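**Student:** Encoded as structure tokens, here's the structure I'll be asking about.
The values are calculated or read from the model by the stated rules, or taken from the named source; none is laboratory data. This is a predicted model, so every value here is computed, not measured. Glycine gets a Cβ as well: all are built from the backbone with ideal geometry, and neighbour counts include every protein chain shown.
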């Protein structure tokens, strides 16, 4: 039941915000705060109370430990919807879903707070759109019926389009249309794949259903499976985004208002990762394995190309947008590595990237509100004018480049370590991406905040509202940097479960086989040559 | 007492947090007290721990303290935990004590700077990171400290960030060391995947048990770790950042580049010595890199005219000596030289800072001169430092450690005549450039007036470091002097004993003689060239070949130029041409095609009835033909 609230609360608050703000725009903001803070509180409460269940659900050795197949969810709602077509209203929540929900509501709340002074026109309608997006996002993460998933997937496009097109910057309409077409077109490819899967399963078993748990393990020729996997991959690859389908992202992120960018970068693009982990790989493990090399190449290109592109930009917001491309390259790498280390890294990267990049977008947005430009050539020496802002920017730039002690480092390290066990060259090139990350992060700091102050800019430093936001994000990143275990423990159930689903396919056996070989090798090499370390009489 | 180990890094870290949170609200006095005070406290604790460790050593001569588990997934379970053995004790003593002296010095040096609090914030973070690095019990925590010091060196080099040149120098340092860090992190991947742990002691034991000497995996692991070490320690080929790093305030140079950060590579190799023992080829590479770098740096130092750049190249060359020692398995000898080098290099930098401040910010040694009467404390400090650097016999600590290294480079099992010759030649060059500096700066005619005199907070560290630079070497006397070597005995509990083929009284005695001779000859040559016949030297340097050579050495043998053209310019070019995204034309192309199709189709909507009828007629004809011909 609680799952319904996650969707209903923001969905109900949405029109409420619009209607109530006819007389008083400020009301809309507070309704929006409530519409996101309330589900956030709910999901946090659920997280804390289910912590024990999550730990118990995970036993390292049991085969039926926790599983999508066995249906041991934290919560679920399963009601018939359009039974003749096999469509059910199936929502389910496990560890990964929980994390994504926390992220969705937190980012939504952050977006609302960040726009407190930034949005001044059509305030009610704006918050209507934001809340609608939040509701749709919650729906995406909760759905396990493929039709329902597609429903929410498409639904979140519409409010996002409006957010970019109505409250964005100079090229907002172009960016919004581009965003919409890219996502819609790839979504249609996914729809075709879903329908194909529906029919194939129906013909094979006689049951026509969109229920994901029943569609798992559908038998089909490998060529068909590969095509269907590509259909899903297309949608998620555009969302993530994967090079070369990434060109919508810089435009959309740059032209969107701050709240839009925060939700886009913080949650929307993570749907790509979520979709791959939840749906694409478990449905088509063999096809994923066949596609692995290509995907890893694209991932590595994304990491390095994204970073170089970021370095090349003159528009500060565009620079931050390209860093998203680079970081999501790591995510793609980790997903296709498909072992515990890499997947845990992916989950952690999802959360930490949202926090650090969200903060950077807010920072850039508030900077633009102050000096009315995003052009870095018109900036310089801003640290002296606004030292708190400079220090905050430095912190998040360091998070972006993966400084140890912050969550992003643990995430990227786990991903690369997991990748190394599958493909050494991909891990090495990914690690090289960290050097490029340093290049763009430090360049951003130098060009905008350091150096000589040449443009006679004067503006005020951070206000308490902003300081509070950043402080929360900084604290979160530092805690995740030194103690990410709660997040890891929460995701462990899902990570184990999805690997169990693909067990027995070449995808997961590689790491397992390798692990077994190492154990065996250790025992036989016990008699190997031991290095000579005993002191001889050559002592001085 | 050993349970207080965690406070040693925690105190400076707390200092960082306090200074960061209270930044604007602190007076200079408070910031200085907090900044220097926390490091001072840390030094006190470190000394107490050292005493306790030496007086009553823990079982196995190692102490392990676990704070919490960092994370636990997929078999990887690093902890925030500290490991203390003899080597760590030496390191934390040097870091905290020398660090405190430099902090004290900075309270006066930076007193007129507007970023005073920010400075101490970064300095505290730096000391904390370095302590984490040397105390870490696993390689991942070590890597955290490793990057932490890299970060702080960037922040502090770029400290005067209004000048873009300083920011650029900081960026350069961070990026180049990050290239090395990439090698290190790949090494971590390899080690964990092979041996299933990143904890250092189990890792070393596992490697010793499972890997054959010279096996591919050992060579790969050692080589990757060496890659990381080379970057951090500014050895060839990742050394170009160190001279430019002198853009930061002088205390920063003293702390980071002389006493601590650049020695992180030395620490790493010494800590993972088992891997290097298992990969003798890589160890030889370490020695060769060390020797080549030390010669490279000596020649470069001879041509510099910025006082800090001379000292920077000098650091590079002394680290080369440490690498040389490590390469021939002189593990303890390298640590001994680390300790003595910390004393005299910090001394030299701090004295240089006094000179620079006194002359109102002048760095060019040829605009200095005649300062020996005006700045006596700095003068004597500099003399002692330069003497120690040159390894003048018996009265300096540098002599004992450098002699030990030179002796080991030939006398160890893996010793080699070429390495030994290189080390000796380097020693000769070292004394030449060191005393060149002394004579040019402190003798001769005064070119720039003295406008500021140092007070006690800058003078006291100089005095303390001078004393240490003289007596610091007496903890390890060579064999022919009586064999009093408590430091060696102490370090033998942590590091393998160096195996030597030549260590007799005669051998060590002759070696010491040669080292002394070389040092003294160097000083003599410097005196002749720079004091007696400075004019003749100038004429010689003006001739084409010597001048070209000087320019070549001045610019670090062209490495900057090389890297600029091979790496920087291509990347910048690529960034510029693909600024609007290489894939964008494809996307716009699709849009363009659509527009063309629209144009074509809308051209057919021309409102002319005859055209519509014509098209309909043609269409009808086609359909009829289809049906008929089916």
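**Student:** Among the listed residues A:349, A:313, which satisfies the condition of being within 14 Å of chain B (Cβ to nearest Cβ), modelled with pLDDT of 95 or more and closer than 30 Å to residue A:109 by Cα? Step through it out loud before you land on a result.
**Tutor:** Details: A:313 fails: modelled with pLDDT of 95 or more.
Just a single option satisfies the conditions, and that option is A:349.
**Student:** Every residue in the range A:192-213 that is touching a helix residue (DSSP H, G or I) at 6+ places or on another chain (Cβ under 8 Å) and surrounded by fewer than 17 Cβ atoms within 10 Å (Cβ to Cβ), please.
**Tutor:** A:192, A:196, A:207, A:208 - these are the residues of the range A:192-213 that are touching a helix residue (DSSP H, G or I) at 6+ places or on another chain (Cβ under 8 Å) and surrounded by fewer than 17 Cβ atoms within 10 Å (Cβ to Cβ).
**Student:** Taking the range A:449-466 on its own, how many of its residues are surrounded by 15 or more Cβ atoms within 10 Å (Cβ to Cβ) and assigned to a helix (DSSP H, G or I)?
**Tutor:** Count: 2.
**Student:** Given the criteria surrounded by fewer than 24 Cβ atoms within 10 Å (Cβ to Cβ) and over 19 Å from the mean Cα position of the chain (by Cα), does residue B:212 qualify? So that I can check it myself, show each step before the final result.
**Tutor:** On the way: surrounded by fewer than 24 Cβ atoms within 10 Å (Cβ to Cβ): yes; over 19 Å from the mean Cα position of the chain (by Cα): yes.
Yes.
**Student:** Across the range B:496-536, what is the number of residues that are part of a helix (DSSP H, G or I) and in contact with a strand residue (DSSP E or B) (Cβ under 6 Å, 6 or more places away or on another chain)? Give the steps one after another, and end with the answer.
**Tutor:** In the first step, residues of the range B:496-536 are kept if they are part of a helix (DSSP H, G or I); the result is B:505-532, B:534-536.
With in contact with a strand residue (DSSP E or B) (Cβ under 6 Å, 6 or more places away or on another chain) added as a condition, the list becomes none.
The qualifying residues number 0.
**Student:** Taking the range A:467-485 as the region of interest, how many residues are in a helix (DSSP H, G or I), closer than 30 Å to residue A:92 by Cα and either modelled with pLDDT under 90 or at the interface with chain B (Cβ under 8 Å from one of its Cβ atoms) (or both)? First the steps, then the outcome.
**Tutor:** First, pick out the residues of the range A:467-485 that are in a helix (DSSP H, G or I): A:467-482, A:485.
Now narrow it down to the ones that are closer than 30 Å to residue A:92 by Cα: A:472-473, A:476-477, A:479-481, A:485.
When the remaining residues are screened for being either modelled with pLDDT under 90 or at the interface with chain B (Cβ under 8 Å from one of its Cβ atoms) (or both), the result is A:485.
The qualifying residues number 1.
**Student:** Going through the range B:67-82 one residue at a time, which ones are within 14 Å of chain A (Cβ to nearest Cβ) and in a strand (DSSP E or B)? Break it down stepwise before answering.
**Tutor:** As a first pass, look at the range B:67-82 and keep what is within 14 Å of chain A (Cβ to nearest Cβ): B:67-81.
Residues satisfying the conditions are B:67, B:68, B:69, B:73, B:76, B:79, B:80, B:81.
Listed here are the residues, each with its yes/no results for (1) at pLDDT 85 or above; (2) away from chain A (no Cβ under 14 Å); (3) over 27 Å from the mean Cα position of the chain (by Cα).
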| site | (1), (2), (3) |
| --- | --- |
| B:493 | yes, no, no |
| B:502 | no, no, yes |
| B:525 | yes, yes, yes |
| B:550 | yes, yes, no |
| B:554 | yes, yes, no |
| B:563 | yes, no, no |
| B:580 | yes, no, yes |
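**Student:** Among the listed residues B:355, B:377, which satisfies the condition of being assigned to a helix (DSSP H, G or I) and within 19 Å of residue B:315 (Cβ to Cβ)?
**Tutor:** Values: B:377 fails: within 19 Å of residue B:315 (Cβ to Cβ).
Going through B:355, B:377 in turn, the sole match is B:355.
**Student:** While we're on this one: All but one of (1) more than 10 Å from chain A (Cβ to nearest Cβ); (2) in contact (Cβ under 8 Å) with a residue 60 or more places away in the chain; (3) farther than 23 Å from residue A:430 by Cβ hold for residue B:202; which doesn't?
**Tutor:** Here residue B:202 meets the rest and fails (2).
**Student:** Within the range B:476-495, restricting attention to residues that are free of Cβ contacts under 8 Å to residues at least 60 places away in the same chain and in a helix (DSSP H, G or I), which residue is surrounded by the most Cβ atoms within 10 Å (Cβ to Cβ)? If you could, list the steps in order and put the result at the bottom.
**Tutor:** So the first thing to find is which residues in the range B:476-495 are free of Cβ contacts under 8 Å to residues at least 60 places away in the same chain, and the list is B:479-486, B:489.
Cutting the leftovers down to in a helix (DSSP H, G or I) gives us B:479-481, B:486, B:489.
Working: B:479: 18, B:480: 16, B:481: 16, B:486: 12, B:489: 12.
The extreme case among them is B:479.
**Student:** Any idea which of (1) under 17 Å from the mean Cα position of the chain (by Cα); (2) closer than 23 Å to residue B:141 by Cβ; (3) buried (at least 23 other Cβ atoms within 10 Å of the Cβ) is the one residue B:227 doesn't satisfy?
**Tutor:** Answer for residue B:227: the failing condition is (3).
**Student:** Here's another thing I want to ask about it. Within the range B:221-233, can one find any residue that is out of contact with any helix residue (DSSP H, G or I) (no Cβ under 7 Å at 6 or more places or on another chain), in a helix (DSSP H, G or I) and away from chain A (no Cβ under 13 Å)? Steps first, answer last, please.
**Tutor:** Keep residues of the range B:221-233 that are out of contact with any helix residue (DSSP H, G or I) (no Cβ under 7 Å at 6 or more places or on another chain), which gives none.
Checking the range B:221-233: not a single residue is out of contact with any helix residue (DSSP H, G or I) (no Cβ under 7 Å at 6 or more places or on another chain), in a helix (DSSP H, G or I) and away from chain A (no Cβ under 13 Å).
**Student:** Ok, one more. Please find, among B:597, B:591, the residue that is surrounded by 10 or more Cβ atoms within 10 Å (Cβ to Cβ), more than 14 Å from chain A (Cβ to nearest Cβ) and not in a loop (DSSP other than H, G, I, E, B). It would help to see each step written out before you state the result.
**Tutor:** Details: B:591 fails: more than 14 Å from chain A (Cβ to nearest Cβ).
Result: B:597 is the single residue among B:597, B:591 that is surrounded by 10 or more Cβ atoms within 10 Å (Cβ to Cβ), more than 14 Å from chain A (Cβ to nearest Cβ) and not in a loop (DSSP other than H, G, I, E, B).
**Student:** Condition first: within 15 Å of residue B:366 (Cα to Cα) and under 33 Å from the mean Cα position of the chain (by Cα). Now tell me which residues in the range B:530-548 satisfy that.
**Tutor:** B:530, B:541
**Student:** Against the condition within 14 Å of another protein chain (Cβ to nearest Cβ) and either under 16 Å from residue A:422 (Cβ atoms) or assigned to a helix (DSSP H, G or I) (or both), how does residue A:356 come out, does it pass?
**Tutor:** Numbers: within 14 Å of another protein chain (Cβ to nearest Cβ): no; either under 16 Å from residue A:422 (Cβ atoms) or assigned to a helix (DSSP H, G or I) (or both): yes.
Judged against the criteria, residue A:356 is not a match.
**Student:** Test residue A:147 against the stated conditions and say whether it is touching a strand residue (DSSP E or B) at 6+ places or on another chain (Cβ under 7 Å), crowded, with 22+ Cβ neighbours inside 10 Å, in a helix (DSSP H, G or I) and at negative phi. Talk me through it step by step, then tell me what you get.
**Tutor:** Numbers: touching a strand residue (DSSP E or B) at 6+ places or on another chain (Cβ under 7 Å): yes; crowded, with 22+ Cβ neighbours inside 10 Å: yes; in a helix (DSSP H, G or I): yes; at negative phi: yes.
When the stated conditions are applied, residue A:147 passes them.
**Student:** Related question: Please give the number of the condition residue B:418 fails out of (1) closer than 25 Å to residue B:291 by Cβ; (2) modelled with pLDDT under 90; (3) buried (at least 22 other Cβ atoms within 10 Å of the Cβ); (4) under 27 Å from the mean Cα position of the chain (by Cα).
**Tutor:** (3)
**Student:** I would also like to ask the following. What's the number of the only condition in (1) farther than 26 Å from residue B:5 by Cα; (2) buried (at least 24 other Cβ atoms within 10 Å of the Cβ); (3) more than 10 Å from every other protein chain (Cβ to nearest Cβ) that residue B:112 fails to meet?
**Tutor:** Failing condition for residue B:112: (2).
**Student:** Checking residue B:161 against (1) more than 8 Å from chain A (Cβ to nearest Cβ); (2) closer than 17 Å to residue A:397 by Cβ; (3) at pLDDT below 90, only one condition comes out false. Which one?
**Tutor:** (1)
**Student:** So, one more: Can you tell me which residue within the range B:183-195, out of those that are touching a residue at least 24 places away in the same chain (Cβ under 8 Å) and within 7 Å of chain A (Cβ to nearest Cβ), is farthest from residue B:211 (Cα to Cα)?
**Tutor:** Taking the range B:183-195 first, the residues touching a residue at least 24 places away in the same chain (Cβ under 8 Å) are B:183-188, B:190-192, B:194.
Filter once more, keeping what is within 7 Å of chain A (Cβ to nearest Cβ): B:185-186, B:192.
Numbers: B:185: 20, B:186: 18, B:192: 14 Å.
Only one residue tops the list, namely B:185.
**Student:** Say whether the condition of being in contact with a helix residue (DSSP H, G or I) (Cβ under 6 Å, 6 or more places away or on another chain) and more than 9 Å from chain A (Cβ to nearest Cβ) is met by at least one residue in the range B:142-149.
**Tutor:** Taking the range B:142-149 first, the residues in contact with a helix residue (DSSP H, G or I) (Cβ under 6 Å, 6 or more places away or on another chain) are B:142, B:145-146, B:148-149.
Going one step further and asking which of them are more than 9 Å from chain A (Cβ to nearest Cβ), we end up with B:142, B:149.
Yes: the range B:142-149 contains one or more residues that are in contact with a helix residue (DSSP H, G or I) (Cβ under 6 Å, 6 or more places away or on another chain) and more than 9 Å from chain A (Cβ to nearest Cβ).
**Student:** Right, next: Only residues that are over 14 Å from residue B:183 (Cβ atoms), more than 8 Å from chain B (Cβ to nearest Cβ) and either without any contact (Cβ under 8 Å) to a residue 60 or more places away in the chain or surrounded by fewer than 24 Cβ atoms within 10 Å (Cβ to Cβ) (or both): list them for the range A:419-440, please.
**Tutor:** A:422, A:423, A:425, A:426, A:436
**Student:** Please verify whether residue A:233 is modelled with pLDDT of 95 or more, buried (at least 19 other Cβ atoms within 10 Å of the Cβ) and closer than 21 Å to residue A:331 by Cβ, treating the condition exactly as stated. Full working, then the answer.
**Tutor:** Working: modelled with pLDDT of 95 or more: yes; buried (at least 19 other Cβ atoms within 10 Å of the Cβ): yes; closer than 21 Å to residue A:331 by Cβ: yes.
Taking the combined requirement at face value, the residue satisfies it.
**Student:** Any residue in the range A:384-394 that is farther than 29 Å from residue B:167 by Cα and within 14 Å of chain B (Cβ to nearest Cβ)? Full working, then the answer.
**Tutor:** The first filter runs over the range A:384-394 and keeps only residues farther than 29 Å from residue B:167 by Cα, leaving none.
Scanning the range A:384-394, I find no residue that is farther than 29 Å from residue B:167 by Cα and within 14 Å of chain B (Cβ to nearest Cβ), so the answer is no.
**Student:** State yes or no: is residue A:338 under 27 Å from residue A:237 (Cα atoms), more than 9 Å from chain B (Cβ to nearest Cβ) and surrounded by fewer than 21 Cβ atoms within 10 Å (Cβ to Cβ)? Even if it seems obvious, please write down each step before you answer.
**Tutor:** Values: under 27 Å from residue A:237 (Cα atoms): yes; more than 9 Å from chain B (Cβ to nearest Cβ): yes; surrounded by fewer than 21 Cβ atoms within 10 Å (Cβ to Cβ): no.
Spelling it out, it is not the case that residue A:338 is under 27 Å from residue A:237 (Cα atoms), more than 9 Å from chain B (Cβ to nearest Cβ) and surrounded by fewer than 21 Cβ atoms within 10 Å (Cβ to Cβ).
**Student:** Specify which of the listed residues (A:295, A:287, A:321, A:307) is more than 14 Å from chain B (Cβ to nearest Cβ), surrounded by 24 or more Cβ atoms within 10 Å (Cβ to Cβ), assigned to a helix (DSSP H, G or I) and at negative phi. Even if it seems obvious, please write down each step before you answer.
**Tutor:** Numbers: A:295 fails: surrounded by 24 or more Cβ atoms within 10 Å (Cβ to Cβ); A:321 fails: more than 14 Å from chain B (Cβ to nearest Cβ); A:307 fails: more than 14 Å from chain B (Cβ to nearest Cβ).
Only one candidate qualifies: A:287.
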